[in-house]
Amino acid sequence: MSYSHLSITERSQLALLHRLGWSTRAIATILKRHHSTIARELKRGYGSEKYQAEAAHEAYEKRREHSVSRGKWTAEREQYIAGKLAQTWSPEQISGRMSQECPDQKVSFKTIYRWLYHGLLVKGNTAFLRHKGKRQGPAETRGRFNVGKSIQQRPKEVRKRNSFGHWELDTVVSSRGKSKACVATFAERKTRLYLAVKMPDRTSASLEKAFGIVADSFPKGTFQTATVDRGKEFACYERLESAHKLAIYFADPYSSWQRGTNENANGLLREFFPKGKDFAEVSEEELARALYLINNRPRKCLGWKTAHESFMEALSHLA
């Protein structure tokens, strides 16, 4: 049971019983307190021969006014946290990275949340914080096809994220009524690196070109497998497998959780380009900045390394 200070009611009872000549142990039994608590309270005195409840409580409140802790808030912590919030890091990511970069300044992510909601950081603006749960979008209406290797045939090592070079692919589109512009997105399962390439439309020809741009940017062995859904933009899968020497596996229908790494990263991209945004109006510089911020956030699942750091480390081990 947690300790609580004596209330004015308890002090009044203490004063009455003390005048009646009760011992400290007897008073403690009645008040359900430790006898040493009663003894210390009586020993303080408060300038009178007999214990006075009101005077004792007033003295207690004055002591409390001067004993309030300054807490953990410092200018150094404010500067560090505000800088990372500006880079779109979450409170948990900030706390995790602080434990490595400046352990003497570390605070818990709950403390950072409390400072945010009290208006001590970014003037109480919490709109950028991660949301939990999947937001319901429109029903899937694009065409599908039913050929290719099922995800059930994918090696177990891919599912367990034990090896590097296994990707999840998807497309993120503009809203209805906008242009056909969209982006092809790529997420590496082990390191969580996230890439996106603008496409003029959601066709297999555009997807094939976008895949070539990304694959040709990295050393041989960076792409070993790819897991995709059955959207018609992936009808070019046989050409991709042949040209880039990789295996492509198809997730089950209505099973987005089988491509959870990519789905989660797409949600992070939507924080920069919400639904309703026309990707034809998004510049290459804007897209590159969003990807830089996403890939340079520390990740708990990576031991508070960033996706970029983990990816570059994995690339260094390729033969």
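What follows draws every value from the coordinates through simple rules; no lab data is involved. Note that this is a predicted model, so its numbers are computed, not measured. Here Cβ is always computed from backbone atoms with ideal geometry, including for glycine, and neighbour counts include all displayed protein chains.
For the set Lys198/Lys305; Lys84/Lys180; Lys110/Lys275, the pairs lying more than 32 angstrom apart at their alpha carbons are Lys84/Lys180. Please give the Cα centre distance for the stretch 192-215 versus the stretch 268-319, rounded to the nearest Å. When both Cα centres are located, 15 Å separates them. Taken over the stretch 75-128, the ratio of Cα radius of gyration to 2.2 N^0.38 Å equals 1.00. Ranked by how many other Cβ atoms sit within 10 Å of their own Cβ, fewest first, the residues Cys301, Cys182, Cys236 fall in the order Cys301, Cys236, Cys182. Listed by Cβ neighbour count within 10 Å, with the fewest neighbours leading, Lys32, Lys232 appear as Lys32, Lys232.
Modelled spin-label separation between Glu58 and Glu281, with each label point placed 7 Å from Cα along the Cα-to-Cβ direction: 6.7 nm.
Fewest neighbouring Cβ atoms within 10 Å first, the residues Tyr51, Tyr237, Tyr254 line up as Tyr254, Tyr51, Tyr237. Over the stretch 8-66, Cα pairs under 8 Å with separation of 6+ residues give a relative contact order of 38 percent.
Projected label points at Arg289 and Asp104, each 7 Å from Cα along the beta carbon direction, are separated by 3.6 nanometres.
Measuring nothing but how far apart in sequence close Cα pairs (under 8 Å, 6+ apart) lie, relative to its length, the stretch 193-279 scores a relative contact order of 26 percent. Between Lys180 and Thr74, residue separation times 0.36 nm minus the direct Cα-Cα distance comes to 33.2 nm.
Each Lys and Arg adds +1 at its Cβ and each Asp and Glu adds -1 at its Cβ; summed about the Cα centre, the chain shows a dipole of about 1040 debye. Extension gain for Arg25-Glu313 works out to 97.0 nm (0.36 nm per residue, less the C-alpha to C-alpha distance). Each principal axis of the Cα cloud of the chain was evaluated for its coordinate range; sorted largest first, these ranges are 97, 41, 40 Å.
Along the axis of the charge dipole computed for the chain (Cβ charges of +1 for Lys and Arg, -1 for Asp and Glu, origin at the Cα centre), the listed residues Thr24, Ser150, Met312 are led at the positive end by Thr24. Close amide H pairs (under 5 Å, H built 1.01 Å from N) link Lys149 with Phe250, residues at least 5 positions away or on another chain. Around the amide H of Ser90, modelled in the peptide plane, lies no amide H under 5 Å away from a residue 5 or more places distant or on another chain.
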